[in-house]
Amino acid sequence: MIHGKTAQMQRRRTRRVVAVIVACVLAVVLWCAWDSASVETEAQGAMSVRTAVLDAAMQCAAVEGAYPSSLSYLEEHYGLIVNHSDYAVTYEAFASNVPPSVVVVPR
């Protein structure tokens, strides 16, 4: 009789340990998936900002006949809004007839 109780208690302990291990593994997998998704979201956000800057530069070139010399010109005259606290934007204009080089990096 005593042997049956100890075997039953041992099975309960084993089940608890397995449940805790499974919960820990599941938590690690979910954390890794969340981290991967947030990195992908940041990259997509940077690409969206870059596309918006280039679209505004193209619109300026179509309207005025030349690409703007600075990012601030696009922000002032073409309604471009860039969240500078989240993204570092490098805007380099070589000449007024050459599309600018735009690099956007998440901060």
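The values are calculated or read from the model by the stated rules, or taken from the named source; none is laboratory data. This is a predicted model, so every value here is computed, not measured. Virtual Cβ from ideal backbone geometry, glycine too; neighbours counted across all protein chains shown. These accessible areas exclude ligands, DNA and RNA; they are computed on the full protein's heavy atoms, side chains included. Shrake-Rupley method; radii C 1.70, N 1.55, O 1.52, S 1.80 Å.
The one condition from (1) assigned to a loop (DSSP other than H, G, I, E, B); (2) surrounded by fewer than 16 Cβ atoms within 10 Å (Cβ to Cβ) that P68 does not meet is (2). Return the residues of the range 89-107 that are surrounded by 12 or more Cβ atoms within 10 Å (Cβ to Cβ) and either among the small types (G, A, S) or part of a loop (DSSP other than H, G, I, E, B) (or both); say none if nothing qualifies. Hits for the range 89-107 are A93, S96, P99, P100. Scanning the range 16-51 for residues that are hydrophobic (A, V, I, L, M, F, W, C), closer than 30 Å to L80 by Cβ and open to solvent by less than 90 Å² (accessible area, probe 1.4 Å) yields a count of 5.
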